[in-house]
Amino acid sequence: MTAGGLDPTQRAHLDALVQRYSAATAKSKEVAQRYRQHLADSRAVVGFRRATKELLYPLAARRARGAYLEDVDGNTYVDITMGFGALLFGHEPPFVTDAVREHLDRGLRLGPRNEETGQAARLLCELTGLDRAAFATTGTEANSAAFRLARASTGRDLIVTFDGSYHGHFDPVLGRPVRDGERLRTVPVSAGIPASAVSETLVLDYGAERSLDAIRRAADRIAAVVVEVVPSRFPDRQPVEFVRALRQLCDRHGIVLMFDEMLTGFRPHPRGAAGVFGVQPDLATYGKVLGGGYPIGAIAGRAQIMDWVDGGFWRYGDGSVPEGETTFFGGTYIQHPVSMVAAKAVLTHLREHSPKLQQRLTAQTDRLAGELNRFFADEEFPLRVNHFGSLFRFAHRGNVELLFAHLVLEGVHVWEWRNFFLSDAHTEADVDFVIDAVRNSLHDLRRGGFFPGGAGRPAAVTRRRPRPVLREPAPAAAPPVITQPVITQPAAAQPATAAPAQTTPDFSVYFFGDYPRDGQRDKYRLVLEAARFADRSGLHAVWLPERHFHSFGGVFPNPSVLAAALATQTSRVRLNAGSVVLPLHDPIRVAEEWSVVDNLSGGRVGIGCASGWHATDFVLAPETYGRHKEAMYEGLETIRSLWRGEAVERTAGNGERVRVQLYPRPLQAMPPFYTAIVGNPDSYRRA
């Protein structure tokens, strides 16, 4: 796309899009510019065109959880980048986070082997049906080592790969085919790669009969045929019969058949693409999903090949020794203890939840692709969603890069190489949201002159908002009070036809009751144990009340203090005030205390407010009694203003008027707010 190639309507649309995008993500853009002189980063120039130069920068994130992330500007997104395919279970899956935290609590222990390494190897072999496994630091490193093992075990040098596949960034796989008369030869894909590096690599067309012929002709020189079974850049290429023919060819000629399962491993099937195609490789490489967000690579394969790592199996206490020769395999960070702990947690979870986990995710992606492809056909947009398992990609004719800028503005996080993924953390509401975001974006582009008018009806813009975990609403009920969300954005932003945020209720723990024996030394033990249980068991929130000067509820005089303690004992469950009696306190102090807890908890607080009931409590603030309902809403607005980063005006000790802001700054852009109601319909309506 060039600026000179745009008509006036398109030029106006692009100018407005750049202005909106730059304003919405201003801090991300500033971060990219601030460090460009020192940070060499290819992501910032992917797809560079002068016309869209102002849109080219990665979003900088502040935090993420589940299927959602928040950028440094405070925008929340449904994430379909999912760590470039690594996050099958979403950001910060509790079973991985808890395992890593437990490990780090006892020290990193880099150097000695931890037992999780062996446990992960055994689980990997059980899930894949292969004999032995070894671990690396990255997928590129795993593929490099697998090539070496294949060459060592066959005594041959030539490696066959296929055009359109990706196997990492080490020199021998960075080649492309060119026609040289009747034969193909491989040349480097870019400067800096010597021709000698790719001289023992043959790149063929994937799925083509002529490629099988080429393998037959060079069979006595080929160490391995390396297959990205479903190429990540072309998920519509699924040539089952071709892959089965490769299996037969490799068996016939003693060639190692190697599957690169970096992206497909465990995602469509417990055995990856190999399980879907029904073909067992001799070697397979894994990464991404296996680490649950931590860096890892792995090679698994037949014992005869994997024995080249260590000479083969032997025992203590008898005459056995390593029988085989070895090739070089090593590195400082292979078997990194944190990655091994994460891998064991991931593989254990997969063993317990497969294949239902993969079946549900594939069905969810089927629905997304089906609905969008019907929309594209009905509205005559030249796009299609191709997918394999829960990996999907937009196939299109021509340049539709502006679509992805629109998706960001619609609240969908996309990345520069345009592979997308659903995770186990995505809900059906999230899928609906992505579908609507694509529809809205394409209709906006059509109005901007980038697509001719279709036969379909005009755009009816809908926005079915998902329920971001970073901004969770209240549970349906938290006895003994009735809770109702205090709306934190204009009501018009929520259409009357919005889809339900979820299909199952949340369950929470609410504390209250009489505590007449105040002499108990362990009065908070039950609270701590229950909060840890709620965190482990997937409950939604822990609600902490405020009560003063009475044995009934009197062990809860300050929910923020107790929430601060629980923040250090939990990692996932929300910590909600249920409720702060706001008229008893200066709202500046309430905002400060809960901002501390928000930081301690990683952004998990919710603030329930109450106006107060008992006159005795108001010895803390007698001047507000009688107008305590109004005082609650006034205090609530002060807390909101401070939380947004705004200043509020007060009188200093010397009598001067000063403006103060909230420190520390909270993590959440705005926490969910609630108010407690006891049987008064007018109070309920006002909330």
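Numbers below:
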{"item": "DSSP-loop chymotrypsin sites (Phe, Trp or Tyr not before Pro) across the stretch 609-687, with at most 13 other Cβ within 10 angstrom", "result": "Trp613"}
{"item": "All lysines inside 26 Å of Lys344 as judged from Cα atoms, apart from same-chain residues fewer than 8 positions distant", "result": "Lys288, Lys356"}
{"item": "Ile677 long-range amide H proximity, modeled H, under 5 Å", "result": "Ile482"}
{"item": "Estimated 222 nm signal from helices in the chain, with DSSP H stretches of n ≥ 4 weighted -39500 (n - 2.57), rounded to 500", "result": "-11000 deg cm²/dmol"}
{"item": "Qualifying aspartates and glutamates (Cα of each under 17 Å from Cα of Lys53; at least 8 residues distant if same chain)", "result": "Asp15, Glu30, Asp41, Glu401, Glu416"}
{"item": "Highest-first arrangement of 387-393, 647-653, where packing means the average Cβ count within 10 Å", "result": "387-393, 647-653"}
{"item": "Sequence-distant aspartates and glutamates (8 or more away, or on other chains) whose Cα lies within less than 17 Å of Lys27", "result": "Glu54, Glu70, Asp71, Asp73"}
{"item": "Taking the convex hull of Cα positions in the stretch 212-342, its mean projected area over all directions (nm²)", "result": "10.5 nm²"}
{"item": "Cα-projected label distance for Glu428 with Arg252, points at 7 Å along beta-carbon direction, nm", "result": "4.9 nm"}
{"item": "Net length gained if the chain between Arg101 and Ala191 were fully extended (0.36 nm per residue, minus Cα distance)", "result": "28.1 nm"}
{"item": "Förster-model FRET efficiency, 51 Å R0, Asn399 and Ala530, C-beta, rounded to 0.05", "result": "0.35"}
{"item": "Local electrostatic count at Pro322 - Lys and Arg +1, Asp and Glu -1, tallied over other residues with Cβ under 10 Å", "result": "-4"}
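Each value in this text was obtained by applying a stated rule to the coordinates, not by laboratory testing. The structure displayed is predicted, hence computed values, not measured ones. When we count neighbours, we look across all protein chains shown, and the Cβ atoms used for this are built from the backbone with ideal geometry, even at glycine.
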